[in-house]
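Report on one structure; see the data block that follows.
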Amino acid sequence: MPNDFKFCPVCGSPPSPQSTPPQQNQPPPIQNYYQHNYYQNVVELKSEGTTLILSIVLGLSVVTGIGHMYVGKIGRGVVILIAGLVLGVTGWVTIWFGVGIIFLIGFFILFIWQIFDSRNLCRQYNDYLSKNGKPPW
């Protein structure tokens, strides 16, 4: 069967002697899946809504830093989680001794900061991924 086409419409390479033109609406042959890396890992954008929900809802229950972990900043998220637990639990335990309010104010500041920081990290992640095609961290 003669080759009536000059380049492969799937990959753009010149056809081999035994190749035939692909039919419309048919996937490329199986060997092309391995040649063209169709099975590569697809990295998706992170949802700002999910980041905010994790930061706010879980943060209100003294579990801060989960929004950071969702975005991929695991180390920062763990540090914020530990700091939030220490400030929150210490604040509630020592509230009757008069010093607990200081810890609770510290927790509130950490809570508000981690909401804005996780949202900014989510935007940075998505912007970098959109421009470069790979995650930033």
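General remarks:
This table checks each residue for (1) closer than 23 Å to Leu58 by Cβ; (2) of a type outside the set (D, E, K, R); (3) touching a Leu at 6+ places or on another chain (Cβ under 7 Å); (4) part of a helix (DSSP H, G or I).
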{"residue": "Trp96", "(1), (2), (3), (4)": "no, yes, no, yes"}
{"residue": "Ile105", "(1), (2), (3), (4)": "yes, yes, no, yes"}
{"residue": "Phe108", "(1), (2), (3), (4)": "yes, yes, no, yes"}
{"residue": "Phe111", "(1), (2), (3), (4)": "yes, yes, no, yes"}
{"residue": "Phe116", "(1), (2), (3), (4)": "yes, yes, no, yes"}
{"residue": "Arg119", "(1), (2), (3), (4)": "yes, no, yes, yes"}
{"residue": "Gln124", "(1), (2), (3), (4)": "yes, yes, no, yes"}
{"residue": "Asp127", "(1), (2), (3), (4)": "no, no, no, yes"}
{"residue": "Ser130", "(1), (2), (3), (4)": "no, yes, no, yes"}
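- Lys134 being modelled with pLDDT of 95 or more and in a loop (DSSP other than H, G, I, E, B): no
- Meets criteria (modelled with pLDDT under 95, among the hydrophobic types (A, V, I, L, M, F, W, C), at negative phi and touching a Lys or Arg at 6+ places or on another chain (Cβ under 8 Å)) for Trp92: no
- Residue pairs whose Cβ atoms lie under 7 Å apart, separated by 6 or more positions or on different chains, with the first residue in the stretch 48-67 and closer than 11 Å to Ser118 by Cα and the second among the β-branched types (Val, Ile, Thr) and surrounded by fewer than 15 Cβ atoms within 10 Å (Cβ to Cβ), are Gly65/Val78.
- The lone exception for Gly91 - which of (1) in a helix (DSSP H, G or I); (2) out of contact with any helix residue (DSSP H, G or I) (no Cβ under 6 Å at 6 or more places or on another chain) it fails: (2)
- Residues in the stretch 52-88 that are exposed (fewer than 13 other Cβ atoms within 10 Å of the Cβ) and either under 16 Å from Asn120 (Cβ atoms) or touching a helix residue (DSSP H, G or I) at 6+ places or on another chain (Cβ under 8 Å) (or both): Leu60 alone.
- Of all the numbered requirements in (1) loosely packed, with under 13 Cβ neighbours inside 10 Å; (2) within 14 Å of the chain's Cα centre (by Cα); (3) not hydroxyl-bearing (Ser, Thr, Tyr), Ile101 misses one, and that requirement is (2).
- Selection status of Ile109, free of Cβ contacts under 8 Å to residues at least 12 places away in the same chain, exposed (fewer than 13 other Cβ atoms within 10 Å of the Cβ), out of contact with any strand residue (DSSP E or B) (no Cβ under 9 Å at 6 or more places or on another chain) and on the phi < 0 side of the Ramachandran plot: yes
The values are calculated or read from the model by the stated rules, or taken from the named source; none is laboratory data. The model shown is predicted, which means the values in this text are computed figures rather than measured ones. Virtual Cβ from ideal backbone geometry, glycine too; neighbours counted across all protein chains shown.
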